[in-house]
Every structure is written in C-alpha cells, then in structure tokens.
Amino acid sequence: MCGIVGVTGGTEVLPNLLDSLGRLEYRGYDSAGVVLGAAGLPLWRRRRAFGTKSLADLAADTGTAPPEATWGLGHVRWATHGRPSETNAHPHTDCSGRLALVHNGIIENYLELGDHLSALGHQMASETDTEVLAHLIEQRMSEGAGLEDAVANSMTELRGAFALAVVHADEPGLIVAARRVSPLVLGRTEGSAMVASDIPALLGKADEFFVLDDDQLAVVRPGSIVVTDSNRNEIPLQPRVVEWDLQAAERGGFDDFMSKEIHEQPTAIADTLLGRLLPSAGSPPAYRALHLDEERLSDEELRAVDKVFVVACGSSFHAGLVAKHAIEHWARLPVEIDVASEFRYRDPVLDSNTLVVAISQSGETVDTLQAARSAAAQRAKVLAVTNVVDSSMARESDAVLYTRAGPEIGVAATKTHLTQIIALEILALYLAQVRGLFYPSELAMLLGALGSLPEKVARAIERGGEVEAVAQRLAGVRNFFFLGRHVGYPVALEGALKLKEISYLRAEGYPAGELKHGPIALIEPGSVVVAVATRTPLWEKVLSNVAEVRARGATVVLVANEGDDETAALADEVLWVPAADSPLLAPVIDVVPLQLLAYHLARAHGNDVDRPRNLAKTVTVE
Ligand code: M6R
C-alpha cells in the first residue's frame, strides 16, 4: 500500500511533492511525510499522522522548509507494520539522519535484517519494516559503497515487495529508486525528473513517462534517468504513451471523486466499447462483429481454450461473477472463479488450454498479481482485465483487455467496476464468436444491446435524486441485507460491499434462495432488505424470496425496472432503473442505484466517501 513520490530539479520541489501526494492519497492516508534536500544543508524532514487530515496538516507545517531545496521525497502511508504515528511515518532515516527513504510494500525479512543491523550498532527509531532498509543501505555505504551500489546490494538481501526511493544529503540532486512487485513509474522533463507510485501523481509535471520493472534500479537526476537491471546492465528507456490528462485526475466540480466517477460511468462504458463493436454497412448501421485491439492471444489459441478460471478481489471479483454467467452461457466454456487470495493456495488444476482471466482495476493488487503469476507458471494463458496501462498485470499477462474508465481516485470502485463488466461481457462474446456459436443476427442483437448501455446507465444516474430521498428515509438503519439471484447476486454483493466500505454499516449480500437456509433467522421487524428484482431470469423466484422476508416484518427496498408496477407492489421503497436489452447485461445498470444508495447513506452519516477508514485503493500487500 502507500504512495511514494520523489522530485529532483526545479525550484518548486515542495509544492510539487505535496501536490503529487494529494493525488496519491487514495493509496493511504494514515500519515504523510516529506524530506527535502538543499546542497550543503542537512536533510529537512516533516511527518504528520492525523488520519485523513495528515497531508493537510503536513502542508500547513512547512514554514521552516529550506526555500533552496532542489530535491526531495514524499509519502502517504497505509499502515501495515507499526500503528499509524509520526514515528512510524515515512520518510525514514538512517542513524545519521543524512539518508532518507520512502517505501511502498512489505519487507518480509525485516525482523531478521533488523536483528543483524542492531547487533552492528544501528539504532531503530520506529516499529516499521521500512526503517530497516535505511539502516541496511547505511551499513553498505559504511562498507565503502556509493548510494547507488548500496541500494543495489541491499535489494539482493530483501524478501517481499518494495517500491522505494532514497536520497542522501551528500548526493545533491540524486534519487535512487528501485522496485520489486510494488509499482513505480518515472517522469522526466528537460530540467527535472520524478518517481511515483502511479501516473496520475506525475500528470502535468513530466513530458515523458517510463515504467520501472521488477528488480530494476533507477538513478534519477534533474533531466536524467538511468535504469539498470539486476546485473547492473543499463536498460534502454522506453517512453510510455499516457492519454490521461490532469483534469481527469481532478474533481471537476463535484463534491468528491466518488460522485464524479459515478457520473462518468456512461462515458467510461462508451469508451470501453469504442472500436470493439464493428458496425455493419447500411443505414442505420447495426453491429456485426467484435474486435479486440490489445489481444496478444490469437483466435486459434482462444479456440483451444477448454476451461476458464477467473481470479480477482473485491469489486473486481463481483465483476468476475458476472463474467462466469456470461462465458458459460454464451461461450459454453466451464468457468471456475476464486478470490485471488485463495486461488494459488488451493492447488488449482491448470494447463496450457486453460485461460485465466485476472481482473484488477489497478493491475497491481498483489493477491491477483501473484495468482496470475502462479497460473502462468503452470503454463495457463493469462488475460488481464485492468484499467491501468502498463500496470504490472498488463505487462506480465499473455493478453490484456483494458477498461477505459480513466483514473479512478475514490477508494470505492464505481466506474472501473462497470467497465470491468463491459470488458468481460465483450470477452465472453468474443470467445463465443471465435468458437462459432452465434448466428449473425443473435450477435448483432447482443452487440446492439451493449451499445445501448451508456444511455441506460445515464438514465439510472439521473434518478439519483430519488435514491437520495430513499437514503434519507433509511438514514437511521444500521443493518442491511442485499439479495439477488443469477446475475442479480453479484449486484447484491457489490451493493453490500459499497455500503460497508463507505458507510461503515453492516451489510450482508446473499443469493436470495439461500436465505431460508439460515440467514432468514436474522430478519425481524425493522430489518431492511434490498433486493435486485429486475426482470432477469429468476425474477419470479426473487419475488417469492422477497415475500418471505416481508412476511417477517422486513422493510423492502427493490431495484425494479421502470414501469414494473407488479414488482413495485411488493416494495416499501423502489429504486427504478431502465431495463437491459439482454438479461446478462442487467448488472451494469442495476448496480448504479446501489452505488448511489451507499453514497448518500455515507454522506448522511457524515463520512468521507473518497477516503473511507482503514482502506486503501490499491492493496499491494498480502
Ligand atoms: O485494483 P483491484 O481491482 O485489483 O482492487 C480490488 C479490490 O481491492 C477493490 O475492488 C476493492 O474491493 C474496492 N475498494 C471496492 O470498492
């Protein structure tokens, strides 16, 4: 977890660091810190640990920062080792205070290294795994290595995951950065250079962008970046094309990123479909075929696939549950699905005809990344569905299908979740297409249905005022059940997850038919049950399950299709949505009012929707 940034060159080092840290806050906000270097002066360091106020508090306490600073590092923390406190906040220093570093990841052998370094006389000030690194590099320097070699030598002794950036008071303008597993990107202008955990932190500040690979080391100086591999051979730099602009990473007039990102969903879906549905000639044009632009697996290889595994976490996992329905139904391939953190520990049976679909908004979630790596090690073909171009998962997979949602800053996944479902439905249809399972008219109908989703999702968002009114009436409720069946079940799970993570309210998602096997014992007068009751294949059965909870006194909130009075008659509150043109596409529309319900309930409780407590957007630790 955590976000790191480093800047060298130019006169605006501190404002640049603070600005980039603001864009990285979604990765963690338990504490924030910066260190600045100015030639001939000792390093200047400030750290603050005030939860979501840490960065603002830090920015307000920079009056004594050296105005002549020309290089520095910054960090926002999501605590793993050591409670959130100023002492545990980064940057960490060595014994002399002349070396400082920031780190994202976990050093698994930090206790062992720490004991060894303590025996050599090093004094640890914090409870973190990170501080050990500062002392390890100090030790190597005391044995004669320069900063660059000391970092490179230290890397060989580390187990675990790290993206780190190191500075030394005796090396003006130099930042040494390195990574293994945790992401690190680099940016350059003529007179400056930067490192950061992700691209949005560098938008508007760099002219060229680069990605550091595992076990590579970067020597970063104003206007210059030299990258070497684990054998210290220089690697030619390959600039990456970055299409995101700064505005995309800012709030654009909304109260918070989450509502901005919910409102961006129609465009994000349209962008994700762009160029992938091929129109037929004729007027009006209909869609006739699918095209996958970033595929690196041939149609022949896809035709050979005889089993699909889906691995993902959180909201991405819920998108994967929809994919299971879609791939089984349309492509007639068996699909297994696992939360990624379980997958590689249960000995799954894979071979070269297995397609593993790894879904991750960030492309950096370590559980999913490691699941994909273990699948690749068993010769399975790995296809990543991710929103981040050049993320670790995108680079390491056999094929990649990008969602084109633009940067998502709110910790709660919204537009990336919807676009994941879209990308996965495209994949399911594509697999069916290469397997020759569709009549052209059937495919054209489904592609047309996909094409109509941006407009339908926009209509669901326009009903936000009605959802807000429902949220206000439910503001005193503390326990929610979310029910759904078939593709409504992942929608229920996603609705419950959204509510939990930003409202801190108890919310359980169940397959509606399972309720009578135990959980219905929890239903009593005053319980609130939210059910997905749109006209998907098991709609009638959902209504029977709703009747069961109603009979036990529950307050019933139903997601129902516009104009469906028969369904509405069973509800105390209705969340109306347009009907999808194909049942398997319904989750894309049906989840929208549940995002909005969670959003308005969280606001009613006075919560910070973008930065919910205890969470980080990208989970880069196991
Ligand atoms: O970046 P990823 O899609 O791999 O992230 C997976 C989960 O951590 C993520 O979906 C998480 O559950 C979200 N906060 C949900 O809103």
(message) Name the residue that is surrounded by the fewest Cβ atoms within 10 Å (Cβ to Cβ), counting only residues in region 365-388 that are within 14 Å of the ligand (Cβ to nearest atom) and of a type in the set (Val, Ile, Thr).
(response) VAL366
(request) Kindly list, by first and then second residue, each pair from a residue in region 389-417 that is in contact (Cβ under 8 Å) with a residue 12 or more places away in the chain and on the phi > 0 side of the Ramachandran plot to a residue that is more than 11 Å from the ligand (Cβ to nearest atom) and part of a loop (DSSP other than H, G, I, E, B), limited to pairs with Cβ atoms under 8 Å and residues at least 6 apart or on different chains. (result) GLY406/TRP244; GLY406/GLU264
(request) Quick one: which residue in GLU466, GLU501, GLU508, GLU442 is surrounded by fewer than 24 Cβ atoms within 10 Å (Cβ to Cβ), at pLDDT below 95 and closer than 28 Å to ALA554 by Cβ? (result) GLU508
(request) Give the residue, chosen from TRP576, TRP539, that is at pLDDT below 95 and of a type in the set (Phe, Trp, Tyr). (result) TRP539
(request) Please work out if MET194 is under 30 Å from THR11 (Cβ atoms), touching a residue at least 12 places away in the same chain (Cβ under 8 Å), assigned to a helix (DSSP H, G or I) and of a type outside the set (Lys, Arg). (result) no
(request) Can you work out which of the residues in region 336-378 that are in a loop (DSSP other than H, G, I, E, B) and small (Gly, Ala, Ser) is farthest from VAL308 (Cα to Cα)? (result) SER362
(request) Please state which one of GLU524, GLU501, GLU548 is under 30 Å from ILE409 (Cβ atoms) and of a type in the set (D, E, K, R). (result) GLU501
(message) Is it the case, given these coordinates, that VAL220 is among the β-branched types (Val, Ile, Thr), part of a strand (DSSP E or B) and buried (at least 17 other Cβ atoms within 10 Å of the Cβ)?
(response) yes
(request) Using the structure shown, decide if ILE106 is in a helix (DSSP H, G or I), in the same structural domain as GLY40 (by TED's automatic domain parsing), surrounded by 19 or more Cβ atoms within 10 Å (Cβ to Cβ) and aliphatic (A, V, I, L, M). (result) no
(message) Let me confirm something: among ALA458, ALA471, ALA449, ALA475, which residue is hydrophobic (A, V, I, L, M, F, W, C), assigned to a loop (DSSP other than H, G, I, E, B) and more than 16 Å from the ligand (Cβ to nearest atom)?
(response) ALA475
(request) Determine whether ALA428 is within 24 Å of ARG332 (Cα to Cα) and without any contact (Cβ under 8 Å) to a residue 40 or more places away in the chain. (result) no
(request) Might you check whether a residue that is surrounded by 13 or more Cβ atoms within 10 Å (Cβ to Cβ), assigned to a helix (DSSP H, G or I) and of a type in the set (Val, Ile, Thr) occurs anywhere in region 549-558? (result) yes
(message) I'd like the full set of residues that are out of contact with any strand residue (DSSP E or B) (no Cβ under 8 Å at 6 or more places or on another chain) and either in the same structural domain as LEU584 (by TED's automatic domain parsing) or more than 19 Å from GLY252 (Cβ to Cβ) (or both), limited to region 384-426.
(response) VAL388, SER392, HIS417, ILE421, ILE422, GLU425
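The values are calculated or read from the model by the stated rules, or taken from the named source; none is laboratory data. Bear in mind the structure is a predicted one, so any value in this text is a computation, not a measurement. No Cβ is skipped: glycine too gets one built from the backbone with ideal geometry, and neighbour counts run over all protein chains shown.
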